[in-house]
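Written below as structure tokens is the structure these notes are about.
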Amino acid sequence: MMTPETIAKIKALMAEASVFEEDLEESFILGGGPGGQKTNKTSSVVRLFHPPSGIQVRVGQDRSRELNRWLARRALAEKILEREQGRKSAAQQEREKKRRQKRRRSRRQKQRMLDDKHAHAEKKSARKPVDW
């Protein structure tokens, strides 16, 4: 269930992206994936097409058609703003962050990291009590 505050935020985002309800072509598609027979038999996936920009969005994150309608509007507005302003969506930023984390370190980075670890280990070993 969407709260009135969330709906207001989505409407503000749509206004910022210059997306108007009368410009949208909305259709509903049969769902799929996890959720069982209910999702496979109901048309809960929302497809939004915005002819002025030529952008199309499909959202079926939830079993609720109403929730998917709002999520689709938010996704469409974010896509349009991303294209216009060159700002990256949260999902795209997350993908890039994961890619950077998985990337291998260069030899120099790896050597520097190992040197730092060695220096830290020596510092810690100096803290141990002295054996007489």
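Descriptive notes on the structure:
- Segment 94-116, residues that are surrounded by 10 or more Cβ atoms within 10 Å (Cβ to Cβ) and more than 20 Å from the chain's Cα centre (by Cα): Arg105, Gln109, Lys110, Gln111, Arg112, Met113, Leu114, Asp115, Asp116
- For Glu21, the test of being closer than 21 Å to Ser53 by Cβ, of a type outside the set (S, T, N, Q), in contact (Cβ under 8 Å) with a residue 40 or more places away in the chain and open to solvent by 40 Å² or more (accessible area, probe 1.4 Å) is failed.
- From the list Ala119, Ala91, the lone residue that is more than 30 Å from Glu16 (Cβ to Cβ) and either part of a loop (DSSP other than H, G, I, E, B) or open to solvent by less than 70 Å² (accessible area, probe 1.4 Å) (or both) is Ala119.
- Subset of segment 21-52 [under 14 Å from Ala75 (Cα atoms) and part of a loop (DSSP other than H, G, I, E, B)]: Leu24
- Only one of the numbered conditions (1) polar (S, T, N, Q); (2) loosely packed, with under 14 Cβ neighbours inside 10 Å; (3) in contact with a Lys or Arg (Cβ under 6 Å, 6 or more places away or on another chain) is violated by Ser44, and that is (2).
- Pair list, Cβ under 9 Å, 6 or more apart: segment 35-46 residue of a type outside the set (Val, Ile, Thr), other residue outside any loop (DSSP other than H, G, I, E, B) and exposed (fewer than 12 other Cβ atoms within 10 Å of the Cβ): Ser43/Ser27; Ser44/Lys38
The values are calculated or read from the model by the stated rules, or taken from the named source; none is laboratory data. Not measured: the values here are computed from a predicted model. A quick note on method: Cβ atoms are made from the backbone with ideal geometry, for glycine too, and the neighbour counts reach across all protein chains shown. To get the accessible areas, we keep the full protein, side chains included, count just its heavy atoms, and leave off ligands, DNA and RNA. Shrake-Rupley method; radii C 1.70, N 1.55, O 1.52, S 1.80 Å.
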